[in-house]
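To start, the structure itself, in structure tokens.
The values are calculated or read from the model by the stated rules, or taken from the named source; none is laboratory data. Note that the structure is a prediction, hence the values are computed from the model and not measured. Don't worry about glycine lacking a Cβ; one is built from the backbone with ideal geometry, like all the others, and counts go over all protein chains shown.
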Amino acid sequence: MTCTEPLFAPHPSQPTPTAIELRGVTKEFDTPGGGRYQALRDLNLTVAAGEFCAVVGPTGSGKSTTLSLVSGLEAPTAGEVMVRGRPVTGIGPEIGFVFQTDAVFPWKSVLDNVMAGPRFRGKPKAQAQADARDWLRRVGLSGFEDRYPHQLSGGMRKRVALAQSLINEPGILLMDEPFSALDVQTRAIMATELLLLWDLTRPAVVFVTHDLEEAIALADKVVVLTAGPATVKAVFPVDLPRPRVVQEVRFEAAFVELYHQIWEALRDEVMVAYARTTTAGTAPK
Amino acid sequence: MSETDLLTPPTGTPAATGTAAPSPQPATPPRSARDRGRRHKLTVNAGRLAVLVVVLGGWELSTRLKLVDPFFYGQPSKVLTQIHTWISHGTSQGSLWQQINVTLEEAALGFVIGVVSGVFIGVALGRIRYLAEVLGPYIKIMNSIPRIVLGSIFIVAFGLGLTSKVLLAVVLVFFGVFFNAFQGVREVDRNLIANARILGASKWRVTKEVVLPSAFTWILASLHVSFGFALIGAIVGEFLGAQHGLGLLIRTAQGTFNANGVLAAMVIIAIVALVAEGLLTVLERRLLRWRPSQLSGPDL
């Protein structure tokens, strides 16, 4: 299932090590009514080291649940979640997570936010500060060190969140619809910047989104999930050349072709999910 | 890595921040608008003064015209005279400053102990579910007791000195702060906690650097009311049995049918409470600097 190798990988012929592997994973939640709600059913997914994997699926299809299983925030009901060949038992140090909503600490300045990770992990203050300044420069926020998050725009806060995650140099970066709260133009710009940043440390990325265009523009492979309980419906390798400019790649013929193919797979699931939200009371238990 | 430098915008340009932060431009509003603002302030202040004159003047007038018996209801001018007498000649229990000092000391001690224990236990119960489940009902029961009655027990057990008043103040302060801290901890954004944990924070670091600052808004809100409670605790304690303090002053005045004395002590307590409230507001502004100011929005 592995697709494009990292461009600078020393021996492209060698099999890339697996970063994330989900084997037959099922996740159930207790509902307030006392029942069980199945979010994931028998889900299998593999992401290679350095691979950018986008996960698309209809609303409520358990995309976020997948991420919380990989991050170790939650444990699967059945099945196995492996990160770098080891089963996940808790929150691993090699994980980075960019949340859908703002999760930067509003009472910390931009600099303190970015250096939070290294500080939590016991790096000396001066070193953490230097690293944080470095990452702020990389995300284009030099000069904003002393601002508080509420003084920044949504796009800038997202860049703080990115720097905050990437400073820990995670081997695995999980992103839960990170740009969904941004306006369309800012989104495309942020996506391009994300690719540039990704290229610096090349973590394996699982990027959850409901925006197919975004998914294809960013990823090495796109995974389509079924309407909940989610399982993998299809996997599409994306072999568009890198580096890509998100704003422009969508006009290429290969992109359009891929879009058609994936949409074909996604459409039915979207319709199923939509039908459930409109016909009240007929949702499966 | 040079390509990423392209991302760097010219730092600190107002254009880059313009959308987010209403940059504090010293934009001088047109003259008419500024005049209007000044006139508005003037009318508000004039209105406030008018209310004061009408209330106090009406009171003074009606007592002088014997519409109201000043023996029962006091008289503003006599209240002022009473305060003046206390300041220049001292009270029957010693100088006025000593009384204020004693009461303030009791209230402040009670306030600090009550707040610290309230925050500590509130956060502990908010973070440790088991503790909350075990102790929850007892705290509810204790909260429903009219705690002011405990003052009598404290006087009997600890005597007329400082301890009994401080304890009463603590008991009154604790619950307000406790419930706010507890609720504040419960309301912390789950995303923020998840983020901190993934960034590598231990449970203790999460409490210290995410939960506490986040709950601070709640805790600070309770502090305003709490200092008032601390003062009430100290004064009621003194009322029930003491050798010094403003509460005793009130009781003495009551015992000699001196309505002006009671009111004068009340005025002094009000001034003390207002000063404390002012200090708390300053503290709040400093601690909550990170919050967007809510004053800039339209009046709703």
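Identify, from the list A:Gly79, A:Gly143, A:Gly117, the residue that is over 23 Å from A:Pro203 (Cα atoms) and not in a loop (DSSP other than H, G, I, E, B). Quick ask: steps written out before the conclusion?
Values: A:Gly143 fails: not in a loop (DSSP other than H, G, I, E, B); A:Gly117 fails: over 23 Å from A:Pro203 (Cα atoms).
Result: A:Gly79 is the single residue among A:Gly79, A:Gly143, A:Gly117 that is over 23 Å from A:Pro203 (Cα atoms) and not in a loop (DSSP other than H, G, I, E, B).
Among the candidates A:Asp199, A:Asp176, which residue alone is closer than 30 Å to A:Pro76 by Cα and charged (D, E, K, R)? Step through it out loud before you land on a result.
Numbers: A:Asp199 fails: closer than 30 Å to A:Pro76 by Cα.
Just a single option satisfies the conditions, and that option is A:Asp176.
For a quick check of your reading: which helices (runs of 4 or more DSSP H) sit entirely within the range A:179-278 and have at least 1 residues that are surrounded by fewer than 17 Cβ atoms within 10 Å (Cβ to Cβ) and not acidic (Asp, Glu)?
Numbers: elements: A:184-201, A:212-218, A:246-249, A:253-278.
In the range A:179-278, the matching helices (runs of 4 or more DSSP H) lie at A:184-201, A:246-249, A:253-278.
Can you tell me which residues in the range B:71-82 are part of a helix (DSSP H, G or I) and under 33 Å from the mean Cα position of the chain (by Cα)? Explain how you work it out, then say what you get.
First, the residues of the range B:71-82 that are part of a helix (DSSP H, G or I): B:71-73, B:76-82.
Listed by number, the residues that qualify are B:Phe72, B:Tyr73, B:Pro76, B:Ser77, B:Lys78, B:Val79, B:Leu80, B:Thr81, B:Gln82.
Please go through (1) at negative phi; (2) within 7 Å of chain B (Cβ to nearest Cβ); (3) in contact with a helix residue (DSSP H, G or I) (Cβ under 8 Å, 6 or more places away or on another chain) for A:Val104 and return the number of the only condition it doesn't satisfy.
(2)
Condition check: surrounded by 20 or more Cβ atoms within 10 Å (Cβ to Cβ), at the interface with another protein chain (Cβ under 9 Å from one of its Cβ atoms), of a type outside the set (Lys, Arg) and not in a loop (DSSP other than H, G, I, E, B). Does A:Gly96 satisfy that? Full working, then the answer.
Details: surrounded by 20 or more Cβ atoms within 10 Å (Cβ to Cβ): yes; at the interface with another protein chain (Cβ under 9 Å from one of its Cβ atoms): yes; of a type outside the set (Lys, Arg): yes; not in a loop (DSSP other than H, G, I, E, B): yes.
Yes: the conditions hold for A:Gly96.
On the basis of being on the phi < 0 side of the Ramachandran plot, modelled with pLDDT of 90 or more and not hydrophobic (A, V, I, L, M, F, W, C), does A:Ser165 make the cut? Lay out the reasoning, then the answer.
Values: on the phi < 0 side of the Ramachandran plot: yes; modelled with pLDDT of 90 or more: yes; not hydrophobic (A, V, I, L, M, F, W, C): yes.
When the stated conditions are applied, A:Ser165 passes them.
List the number of the failed condition for B:Pro146; all other conditions in (1) under 20 Å from B:Ile250 (Cβ atoms); (2) without any contact (Cβ under 8 Å) to a residue 12 or more places away in the chain hold.
Checking B:Pro146 against (1) under 20 Å from B:Ile250 (Cβ atoms); (2) without any contact (Cβ under 8 Å) to a residue 12 or more places away in the chain, the one that fails is (1).
Residues that are away from chain A (no Cβ under 14 Å) and either more than 22 Å from B:Gly114 (Cβ to Cβ) or not in a helix (DSSP H, G or I) (or both): does the range B:222-241 have at least one? Explain how you work it out, then say what you get.
Applying the first criterion (away from chain A (no Cβ under 14 Å)) to the range B:222-241 yields B:222-241.
Going one step further and asking which of them are either more than 22 Å from B:Gly114 (Cβ to Cβ) or not in a helix (DSSP H, G or I) (or both), we end up with B:241.
Yes - at least one qualifying residue is present in the range B:222-241.
What pairs can you find where one residue is in the range A:124-146 and over 22 Å from A:Leu195 (Cα atoms), the other is of a type in the set (Lys, Arg), and their Cβ atoms are less than 8 Å apart, with a gap of 6+ or different chains?
A:Lys125/A:Arg119; A:Ala128/A:Arg119; A:Glu145/A:Arg133
Taking helices (runs of 4 or more DSSP H) that fall entirely within the range B:90-201, which contain at least 1 residues that are within 14 Å of chain A (Cβ to nearest Cβ)?
Numbers: elements: B:96-127, B:129-144, B:150-158, B:162-186, B:190-199.
Here the list reads B:162-186, B:190-199.
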